[in-house]
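The values are calculated or read from the model by the stated rules, or taken from the named source; none is laboratory data. What you see is a predicted model; the values in this text were computed from it and never measured. As a convention, Cβ positions derive from the backbone with ideal geometry for all residues, glycine included, and neighbour counts pool all protein chains shown. The area values use the complete protein model at the heavy-atom level, side chains included, leaving out ligands, DNA and RNA. Shrake-Rupley method; radii C 1.70, N 1.55, O 1.52, S 1.80 Å.
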Amino acid sequence: MLGSILPFNEETADRVSAYCEKNSLLIPDALAEHWEWTRTRFPDADKMSSRLQGSWMIFTAQDRKPKRILEIGCFSGYSALAWYEGTRDTKAEIVTLEYSPKMIAASREAFKKYGVGDRVKLVEGPAEETLKTLTGEFDLIFVDANKDGYATYVKTILDQNLLSPNGIILCDNVFARGLTVGPDCAPWLNDHVHPYWLGCGQALDQFNSGLIEDSRIDVLLLPVFDGVSQIRWRDPAQRA
């Protein structure tokens, strides 16, 4: 296969997603319960990661064995619970940032219900401000918040050396439902949300272009989920 993406239509993509989920590491029952709770309670639940992404997070954390995880954008707490599950052996500290009072309340409710307060710390406030208060290094950083803030968040992370030497930053939704690539790349998106994602796509296009020009880092943008960028420090000998 010379290309990188199979030409699925929407129906086939849903079938492929279900097939992958069926044949992958399953998320724990508690995580599935919380995913369903979020899906049925919040009208904007599509901002939450999918069940398959939850499996990916657990797998990634188990594989990389981070000691500290930073998450920018907590939403209902689903991804933080996944990181917690994936680091049961390493007992990693998980710091998650959230701005919305509604989602802060939902996350705190979830963290209390599932008893993860021993390792999960929720920091309230705008990420562009709370990020600047953090110290130390993180081995895994997950960025999944307001898309027009990605450039600022990653710059702050790099400028403050919050990423450990062998750490990784994972930026979710960098395709903005496809609209980062072009305004005609999401014909299935309804008119109600199209303007929002179009704005996200424009911001993320600038973000992606800026990343690849930063001589401090290596970037790999993968066509998985809604686009995931992997970022790591470049070998000092190769930096410009």
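Taking only DSSP H segments of four or more residues, each worth -39500 (n - 2.57), what value at 222 nm results for the chain once the sum is divided by all its residues, to the nearest 500 deg cm²/dmol?
Working: 8 runs with 95 residues, N = 240.
Helices in the chain give a 222 nm mean residue ellipticity of -12500 deg cm²/dmol.
Can you tell me how the stretch 1-78 classifies by the Cα gyration tensor, rounded, prolate or oblate, using a/c under 1.5 as the rounded cut?
Details: a/c = 1.76, a/b = 1.23, b/c = 1.43.
Here the stretch 1-78 falls in the oblate category.
Rolling a 1.4 angstrom probe over the chain with all protein chains present gives an accessible area of which 52% lies on carbon and sulfur atoms.
Over the stretch 111-164, the fraction of Cα-Cα pairs per 10 Å bin, rounded to whole percents and listed from the shortest bin up, is 20, 50, 26, 4.
Our analysis of the stretch 132-240 gives Rg over Rh at 1.01, with the two radii drawn from alpha carbon positions and Rh computed by the Kirkwood formula.
Explain nothing, just the number: dipole magnitude of the chain about its Cα centre with +1 on each Lys and Arg Cβ and -1 on each Asp and Glu Cβ, in debye rounded to the nearest 20.
The calculated dipole for the chain is roughly 660 debye.
Quick one: how many Å² of Ser49 are accessible to a 1.4 Å probe, rounded to 10? Spelled out: Ser49, probe radius 1.4 Å, area about 10 Å². Is the stretch 42-189 best put as rounded, prolate or oblate by its Cα gyration tensor, with a ≥ b ≥ c the root eigenvalues, rounded for a/c under 1.5, and otherwise prolate when a/b is larger than b/c, oblate when not? Taking the square roots of the gyration eigenvalues as a ≥ b ≥ c, the stretch 42-189 is rounded.
Heavy-atom accessible surface of the stretch 136-193, averaged per residue, reaches 42 Å², computed with a 1.4 Å probe.
Roughly what % antiparallel, to the nearest 5, for the DSSP beta bridges in the chain? The partial results should precede the final answer.
On the way: 10 of 29 bridges.
Around 35 percent antiparallel, to the nearest 5.
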